[in-house]
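The values are calculated or read from the model by the stated rules, or taken from the named source; none is laboratory data. Quantities reported herein were computed from a predicted structural model and do not represent experimental measurements. Methodologically, a virtual Cβ is constructed for each residue, glycine included, from the backbone with ideal geometry; neighbour enumeration extends over all protein chains shown. Calculation scope for accessible area: heavy atoms of the full protein, side chains included, ligands and nucleic acids excluded. Shrake-Rupley method; radii C 1.70, N 1.55, O 1.52, S 1.80 Å.
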Amino acid sequence: IFKCNRDEISVGAPLLGTIIGAWLSVLAIPLDWNQWWQPYPISTVLFSILGNLVGYAIGILFYIFSRDKAPVENQPKSTVFKKEK
């Protein structure tokens with residue numbers, strides 16, 4: 001994650017947020033099942049959507065406020081001619 005450029009982070013953050021949101025939805029399992037949002041697929045979908053929205057927000061903020069540092073090997077070569085002796 002730390003070696004990705006800002007384009008990859010802005011796309012990967014919503015995916016990671018969705019996965020984490022679905023994983024955190026298991027916190028609703030031991031609760032009382034009499035609520036409308038607690039049955040199995042509903043809580044997973046709601047937490048996944050919430051995680052996706054948080055991931056989008058983080059991705060957008062990261063895209064806006066980070067600098068894109070290209071690796072040295074991917075930078076264009078200089079077109080300046082060398083002086084011949």
For Ile9, Ile60, the accessible-area ranking with a 1.4 Å probe, largest leading, is Ile60, Ile9
In nm, the gap between the two label points placed 7 Å beyond Cα toward Cβ at Trp36 and Tyr56 is 2.3 nm
